[in-house]
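Visitor: What follows is a single structure, and I will ask about it in a moment.
Taken together, the values in this text are just the output of simple stated rules run on the coordinates, not laboratory data. Because the structure is a prediction, the values reported are computed rather than measured. We place every Cβ from the backbone using ideal geometry, glycine too, and count neighbours over all the protein chains shown.
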Amino acid sequence: MTDEGLNRMRDVELVLSCGDLPYDYLEYLTTLLDVPFLFVLGNHDGPMLRESGAVTAEPEGGTNLHGKVRAVRVRSGDVVLVGGLAGTLWCGVEDPHVTESRMLARALRMVPRLLWNWVRYGRALDVLITHAPPAGIHEGDDPCHRGFRTHRWLIRWFRPRLALHGHIHPSYGVDVKPDRLGSTRVLNVYGSTVLEVDRARR
């Protein structure tokens, strides 16, 4: 990475991945920036063979956030509340996929922690990271690239400031401009995106 690139990233406080990124790239970023790293896996993720011969099932040095909610204290001292859901709808027999009902069951197990956050922090969630998009936003026409109604439900009830997803490549011809669900900004962060979040609560 160039000095200019490093200067642009020196204020980064958190690395989030929505899946389908090389594990060694994510580990390099996390080591370079020395910040918390949270991720969900995508449908193209799988075991990675390292030069040592070891096989890694997921990137090292971070927290797999699928079906979980974490309160992360970043360098500035702020606490960022992040929840995550991995998976896509049907992508073919050989691909990992999740049914809508299984995704909802996983999301429902997050609810007690989200309610606790409301009591403890006065809000349930700051950022929701998912691999697939919410239904009706940034989704494709084929079954594999449809969004989840569960994601819409979580956003509607727990109102994160940001909902970030991957999976949808701009080359698919899908409109991936930032959108909104209520007060939540929904962003397709396929590839990489640097976000600056206003710390003032809405």
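Visitor: For the chain, calculate the relative contact order in percent as a whole number, restricting contacts to Cα pairs under 8 Å that are 6 or more residues apart.
Guide: 16
Visitor: A further question on this structure: With a ≥ b ≥ c taken as the square roots of the eigenvalues of the C-alpha gyration tensor of the stretch 48-158, please select rounded if a/c is under 1.5 and otherwise prolate if a/b is larger than b/c or oblate if it is not?
Guide: It is oblate, given that a/c is not under 1.5 and a/b is not larger than b/c.
Visitor: Go through the chain and flag any cysteine with no other cysteine's C-beta closer than 4.7 Å, please.
Guide: That list is CYS18.
Visitor: Summing -39500 (n - 2.57) over the DSSP H runs of n ≥ 4 in the chain and dividing by its residue number, what mean residue ellipticity at 222 nm do you reach, to the nearest 500 deg cm²/dmol?
Guide: -7000 deg cm²/dmol
Visitor: What length, rounded to one decimal in nm, is gained on full extension from TRP153 through to ALA57, with 0.36 nm per residue of separation minus their alpha-carbon distance?
Guide: Once the chain is fully extended between TRP153 and ALA57, it gains 31.6 nm.
Visitor: I've got another one for you. Rounded to the nearest 0.05, what FRET efficiency do CYS144 and ARG73 give with R0 = 30 Å and r taken as the Cβ-Cβ distance? Could you check?
Guide: On the way: r = 37 Å, r/R0 = 1.23.
E(calc), rounded to 0.05, equals 0.25.
Visitor: Please return the longest stretch of the chain lacking exposed loop sites, where GluC sites (Glu not before Pro) count only if DSSP places them in a loop and at most 10 other Cβ atoms lie within 10 Å.
Guide: It runs 95-195.
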